[in-house]
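Working notes for the structure below.
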Amino acid sequence: MRVRENLKRGTVEMVLLHLLSEREMYGYEILSEMKERSGGQFAIKDGSMYPILYRMIDKGYIEDEQVLVGRRRTRVYYHITEEGKNHLNDLIEEYHIITKGINELLNSKSEAVSSRPVKKK
C-alpha cells in the first residue's frame, strides 16, 4: 500500500532514534527490533535504513563504532548522541501535534451549510 509506505517514510528517523535511545544496536538488530515491536507493521529494508543512519551520523544525531566480533568479523554499533536525544524529543513533540490535529479533523463534522446550490435531477 503506497499510502502506508509514505507515512512510514516520514517517521523512520523518529523510530530509529527512539530505538537507539534505549540502547546501542547494530543494523540487523535495529531492523529486527522494529519489526518485532510493531507486530510486523513497521518493517523496512536494510537498503532503506542505512542511508538514513548515515545522514543522522552526518547531522550528529548518532555515532557509530566498529566492534570486532569473532576473529575477523566486525559489527557496526550505533548509539544516540545528546543532540540526537534533543532532536528525537522535537520529532516526538511534532508527531503528537500533527497526529492530534489530524485526529481532531477526522473525528469532526462540519456544521457549516454548503453555499453551493443543490442540483435538481
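Please treat every number below as a calculation from the coordinates, not as lab data. What you are looking at is a predicted structure, and each value in this text was computed from that prediction instead of being measured. We place every Cβ from the backbone using ideal geometry, glycine too, and count neighbours over all the protein chains shown.
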## Note on the structure
Sorted on mean Cβ neighbours within 10 Å (highest first), peptides 15-23, 67-75, 90-98 come out as 15-23, 90-98, 67-75
### Query
Each residue of the range 67-82 in order: what ³J(HN,Hα) in whole Hz does its phi give by Karplus 6.51 cos²θ - 1.76 cosθ + 1.60, θ = phi - 60°, with x for Gly and Pro?
10, 6, 10, x, 7, 10, 8, 10, 10, 9, 9, 10, 9, 7, 9, 4
#### Entry: Cα extents of the range 27-117 along the three principal axes, largest first (Å)
77, 29, 21
